[in-house]
Amino acid sequence: MTETPTLYEWAGGLAALRRLTTVFYGHVLKDPLLEPVFRDMDPGHPEHVAVWLAEVFGGPESYSRDHGGHRHMVGRHLGRAITEEQRRRWVNLLFDAADEAGLPADPEFRSAFAAYVEWGSRLAVMFSQPGREVTVPEPMPKWDWGNRPPWQPPSD
């Protein structure tokens with residue numbers, strides 16, 4: 001591989017992220033701590049999150065174009081008062097869903113994936129607290145490998 005792939009490419013593209021969010025939200029709706037938060041979730045929510053993750057991980061900029069970008073995503077969390085316990089459960093279920101959906105298990109990918117999930121979920125908690133407002137444009141996050149390229153098996 002001559003060029004380092006994006007996290008989006010390494011994950012398997014939009015199809016892989018759709019598998020992830022479908023599996024994940026199926027579990028969320030069965031979870032006693034998270035189900036009340038997502039009970040009235042739009043049926044298109046898993047698809048929107050897959051498109052969001054695609055853009056964040058270096059894929060097409062469809063979420064910004066079709067759904068309003070980061071400012072819109074932040075706005076979806078306002079007033080929800082997400083607790084730290086709910087955040088941790090959400091993170092753990094997402095990591096389990098990544099395994100179940102067959103996302104790459106190499107440590108470099110999972111490290112980058114985990115870093116984004118931790119960062120994003122902590123912002124969601126922060127923006128969800130009572131009285132928070134989106135007062136400035138929020139830039140769309142772009143996540144990558146950090147300073148490590150993806151692991152490659154030795155060539156024969």
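The values are calculated or read from the model by the stated rules, or taken from the named source; none is laboratory data. All figures in this text were calculated on a predicted structure; none of them were measured in a lab. Positions of Cβ are backbone-derived with ideal geometry, glycine not excepted, and every protein chain shown enters the neighbour counts. The accessibility values were calculated without ligands, DNA or RNA, using every heavy atom of the protein model including side chains. Shrake-Rupley method; radii C 1.70, N 1.55, O 1.52, S 1.80 Å.
Structure above, values below:
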{"item": "Lone qualifier among R65, R88, R71 - being assigned to a helix (DSSP H, G or I) and modelled with pLDDT of 95 or more", "result": "R88"}
{"item": "Count of residues meeting criterion [open to solvent by 50 Å² or more (accessible area, probe 1.4 Å) and under 19 Å from A124 (Cα atoms)] in region 53-66", "result": "0"}
{"item": "Filter result (within 16 Å of the chain's Cα centre (by Cα) and farther than 18 Å from P104 by Cβ) within region 20-33", "result": "Y25, G26, H27, V28"}
{"item": "Any hit, region 16-24, residues being open to solvent by 30 Å² or more (accessible area, probe 1.4 Å) and farther than 16 Å from D96 by Cβ", "result": "yes"}
{"item": "Unique match (being more than 24 Å from E133 (Cβ to Cβ) and either assigned to a helix (DSSP H, G or I) or in contact with a strand residue (DSSP E or B) (Cβ under 8 Å, 6 or more places away or on another chain) (or both)) among L20, L33", "result": "L20"}
{"item": "Tally of residues being among the small types (G, A, S) and loosely packed, with under 13 Cβ neighbours inside 10 Å across region 34-52", "result": "1"}
{"item": "Filter result for L7 (over 27 Å from K142 (Cβ atoms), in contact with a helix residue (DSSP H, G or I) (Cβ under 9 Å, 6 or more places away or on another chain) and not charged (D, E, K, R))", "result": "no"}
{"item": "Filtered residue count, region 36-62, keeping only those that are farther than 18 Å from D99 by Cβ and either in contact with a Pro (Cβ under 6 Å, 6 or more places away or on another chain) or part of a helix (DSSP H, G or I) (or both)", "result": "12"}
{"item": "Restricting region 120-141 to residues that are assigned to a loop (DSSP other than H, G, I, E, B) and polar (S, T, N, Q), the residue that is surrounded by the most Cβ atoms within 10 Å (Cβ to Cβ)", "result": "Q129"}
{"item": "Number of the condition not met by A112 [criteria: (1) open to solvent by 30 Å² or more (accessible area, probe 1.4 Å); (2) farther than 25 Å from E85 by Cβ]", "result": "(1)"}
